[in-house]
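The values are calculated or read from the model by the stated rules, or taken from the named source; none is laboratory data. Quick caveat, the model's predicted, so the values are computed rather than measured. Note that we place each Cβ from the backbone using ideal geometry, even for glycine, and neighbour counts take in every protein chain shown.
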Amino acid sequence: MRDDEGNSKRLACVIGTGRSGTEFLSRTLRNHGHELGHEELRRDGIVSWCLTADHAKTPYGPSWRDLDKSEFVIGHQMRHPLKTIPSLSTINKKSWNFIAESGIGDVRSHRTMLSKSMEHWLSWNQVAFHKADFHWTLSNIKTGVLPFLEELGWKLETEAWEDSFKKENAPINSAKQRVLNPKTILKTSPQVLYRRIQHAYFPQKLDWTDLEKTDQTLTLEIKDFWNAALPTHRT
C-alpha cells in the first residue's frame, strides 16, 4: 500500500472480541484524521472483531483471508471481562451464528447466554493475542495503543488521546446510541432489542462470583488469561 505521495505505508488492523470497544476506537482515531473503518476497510485500515477468525466469510466487512497481512500492523484490543460479557448479550443472531461457525471455541456447547458470552470472551481473546503485534486494554488504552500508532507513523500525544477519550466517553454511550438508531432498530429482532434497551439503561453488573456460579472452570481460565495477558497495561 502507498500513500498519496507514492511512499509505502502500512495499514492498521485491530481485532478482539465482540463488544470490546472497537467502534469507539475507530471513531476516536477518525477524530484525529485517520480513516480507520469500523468493520470495513478504509484508507488507513480497519477495526473489526470479525477479523479475529480465519473464517472465509464474515457478517460484516472483509474476512481475515481477504487481507494481505504484510500490509498491516495488527493490534489487539481487550476490554475487562466483567464489562464485556454482559454487553455480549446484545449482539444479534447473525453475529452469534458467525461465532459458532468460526472454529474458535465452542459456544454451541453452552446453554445460557452468560456462559456463551464467557466462552466467546476467552477463546477469541486467546486467538487475537497470538495474531497481534500490539496489545492493550480499553481501561488503559493509552499505554498500549500509542506504541501501535507510533509503529504506523501516526503521531498522537497522550493529552490529545485523553481529551478524545473523554469526548467519546468510551463505549458507555454506544449502547444508548445503538438502541436509539432507527436503522439499527429496524434490523433488530424484538428479543435482541429488548436486551439492548435493558443493557443501555439498566446494565447487568456482574462480579466474579456470578461467573463462578455459571461455570467455575471457565471463570478460572478467564481470570488467568486476563491477569497474565497484559499485567503491565492494567489500571
Inset, instruction - State yes or no: is LEU211 modelled with pLDDT under 65, of a type outside the set (Lys, Arg), more than 24 Å from VAL14 (Cβ to Cβ) and more than 19 Å from the chain's Cα centre (by Cα)? - result: no
Inset, instruction - Go over the candidates SER109, SER95, SER115, SER102 one by one and state the one that is over 15 Å from the mean Cα position of the chain (by Cα), crowded, with 16+ Cβ neighbours inside 10 Å and over 20 Å from LYS223 (Cβ atoms). - result: SER102
Inset, instruction - Name every residue in the range 209-230 that is among the hydroxyl-bearing types (Ser, Thr, Tyr) and crowded, with 16+ Cβ neighbours inside 10 Å, in order of residue number. - result: THR214, THR219
Inset, instruction - Scan the range 11-53 for residues that are out of contact with any strand residue (DSSP E or B) (no Cβ under 6 Å at 6 or more places or on another chain), polar (S, T, N, Q) and either surrounded by 24 or more Cβ atoms within 10 Å (Cβ to Cβ) or on the phi > 0 side of the Ramachandran plot (or both) and jot them down. - result: THR17, SER48
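Does at least one position in the range 120-136 carry a residue that is surrounded by 13 or more Cβ atoms within 10 Å (Cβ to Cβ) and farther than 22 Å from ASP54 by Cα?
Let us first name the residues in the range 120-136 that are surrounded by 13 or more Cβ atoms within 10 Å (Cβ to Cβ), namely 120-129, 131-136.
Applying the additional criterion that residues be farther than 22 Å from ASP54 by Cα yields none.
Within the range 120-136, none of the residues are surrounded by 13 or more Cβ atoms within 10 Å (Cβ to Cβ) and farther than 22 Å from ASP54 by Cα.
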Legend entry - Residue, nearest to ILE15 (Cα to Cα), within the range 61-71, restricted to residues that are surrounded by 14 or more Cβ atoms within 10 Å (Cβ to Cβ) and not small (Gly, Ala, Ser): TRP64
Inset, instruction - Return yes or no: is LEU88 under 30 Å from ASP224 (Cβ atoms) and in contact with a helix residue (DSSP H, G or I) (Cβ under 6 Å, 6 or more places away or on another chain)? - result: yes
Legend entry - Within the range 25-50, considering residues that are hydrophobic (A, V, I, L, M, F, W, C) and touching a helix residue (DSSP H, G or I) at 6+ places or on another chain (Cβ under 6 Å), the one farthest from GLU157 (Cα to Cα): TRP49
Legend entry - Output for the range 34-60, where each listed residue is closer than 10 Å to LEU11 by Cβ and aliphatic (A, V, I, L, M): LEU36, LEU41, ILE46
Legend entry - the range 40-59 - residue that is under 20 Å from SER123 (Cβ atoms) and of a type in the set (D, E, K, R) and, of those, nearest to the chain's Cα centre (by Cα): ASP54
